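One structure is given here, and the rest of the page talks about it.
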Amino acid sequence: MTILGAAPPALAGLAALVILAAALHRLGGQGFGTVVAPFAALLAPDIVPATVLLLGAVVTALGAGFDVRGVRYAEIGWAAAGRFAGTIPAVAVVGAVAGSPLLGPSVALMILLGVGLSLAGITLRKTRGTLLGAGMLSGFLGTLTSVGAAPMGLIYQNEAAKAARGTLNLFFLLGVLLSIGGLATAGLVTREHLLLALLLSPFVLIGFRLSGPLARRTEALPLKPAALGLATLGALLLIGKSLI
């Protein structure tokens, strides 16, 4: 028996995963898709990337609302233009691999690429050009795998979490909406994707609620390694599953 494309045990696992990922995202300003996508592809491959992106819209809308005072609107415009440009080719790739055995390895490899970028130690100076380029790569990776945080992280990684959270969340919200719009136009967002996202959305609220008391205490803590470690584990398991 399946519920909206997911078996009951998988659905329970997804709910727990959404709570954890939403809490990490609330504390660090990014990481929801990075944590959820590889495990979602393991538990219910058909929901990636559409349902994860739909949930990401809820997460980033909440995150931007909590940290709206820190939003730097001038920076978002250039990054959003790049995100739009990167979304277009990604939609074509998703259409080519959706429902095929290539989906799992594609998601895993893109996630590992994102983790590699995050760990590379590269720091990009914040300019119009870097915001545009990072936005473009974020659009491609985010639409293909629902994991598009790493390129923008190269620009904002040395800024305090409180200062960067609002800007990143609003950018990711705009980016997720662009990705969903592109996938929907190509017929890659279904009624089941929408209903499953609606079913799992309350668990986003639980994750935010549980992490609320920790938000101020963890502003100076390096939360990124936890998200990257979970993402790497999920990607490796996904690759292992595709080889069996």
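In whole Å, largest first, what are the principal axis extents of the Cα atoms in segment 1-95?
49, 33, 17
Might you work out the accessible area of residue 243 for me, using a 1.4 Å probe with all protein chains in place, and round it to the nearest 10 Å²?
Per-residue accessible area (residue 243): approximately 140 Å².
Quick one: order 2, 145, 127 from most to least accessible surface, probe 1.4 Å.
If we order 2, 145, 127 from most to least accessible, we get 2, 127, 145.
Among (i) 1.40; (ii) 0.92; (iii) 1.44, only one was calculated for this model; which label is it, if the read-out is Cα Rg over 2.2 N^0.38 Å?
This structure yields the entry labelled (ii).
Along the Cα→Cβ direction, 7 angstrom out, place labels at residue 184 and residue 3. What is the inter-label distance in nm?
Modelled inter-label distance: 2.5 nm.
In square angstrom, what is the accessible area per residue of the chain with a 1.4 angstrom probe?
44 Å²
Carbon and sulfur atoms: what percent of the 1.4 Å accessible area of the chain do they account for?
Reported share for carbon and sulfur atoms: 71 percent.
What whole-number distance in Å separates the alpha-carbon centres of segment 1-46 and segment 60-134?
Each part reduced to its Cα centre gives a spacing of 19 Å.
With the cut-off at 1.5 for a/c, could you classify segment 131-211 from its C-alpha gyration tensor as rounded, prolate or oblate?
oblate
I want to verify a result. In a Gaussian network model of the chain, Cα cutoff 10 Å, which of these has the top mean-square fluctuation: 105, 151, 202?
202
At a 1.4 Å probe radius, which order do 67, 46 fall into by accessible area, largest first?
Ranked list, largest accessible area first: 46, 67.
Between residue 233 and residue 194, what is 0.36 nm times their sequence separation minus the Cα-Cα distance? Round to one decimal in nm.
Stretched fully, the residue 233-residue 194 segment lengthens by 11.3 nm.
Looking only at Cα atoms, what is the convex hull volume of segment 51-171 per residue, in Å³?
89 Å³
Taking a spot 7 Å from the Cα of residue 96 along the direction of its beta carbon, which residues of segment 119-157 have an amide N less than 18 Å from it?
Only 137, 139-146 pass the distance filter.
Keeping all protein chains in position, work out how much accessible area residue 58 exposes to a 1.4 Å probe, and write it in Å² to the nearest 10.
50 Å²
Assign unit charges at the C-beta atoms only (+1 for Lys and Arg, -1 for Asp and Glu), then state the dipole size of the chain relative to its Cα centre in Debye, rounded to the nearest 20.
That gives the chain a dipole magnitude of about 600 debye.
Enter the accessible area of residue 110 (Å², nearest 10), with the probe set to 1.4 Å and all protein chains included.
Roll a 1.4 Å probe over it and residue 110 shows about 50 Å².
For 180, 3, give the ranking by accessible area with the largest first, probe 1.4 Å.
Sorted descending by solvent-accessible area, the residues read 3, 180.
The values are calculated or read from the model by the stated rules, or taken from the named source; none is laboratory data. This is a predicted model, so every value here is computed, not measured. A quick note on method: Cβ atoms are made from the backbone with ideal geometry, for glycine too, and the neighbour counts reach across all protein chains shown. Surface accessibility is based on the protein's heavy atoms, side chains included, excluding ligands, DNA and RNA. Shrake-Rupley method; radii C 1.70, N 1.55, O 1.52, S 1.80 Å.
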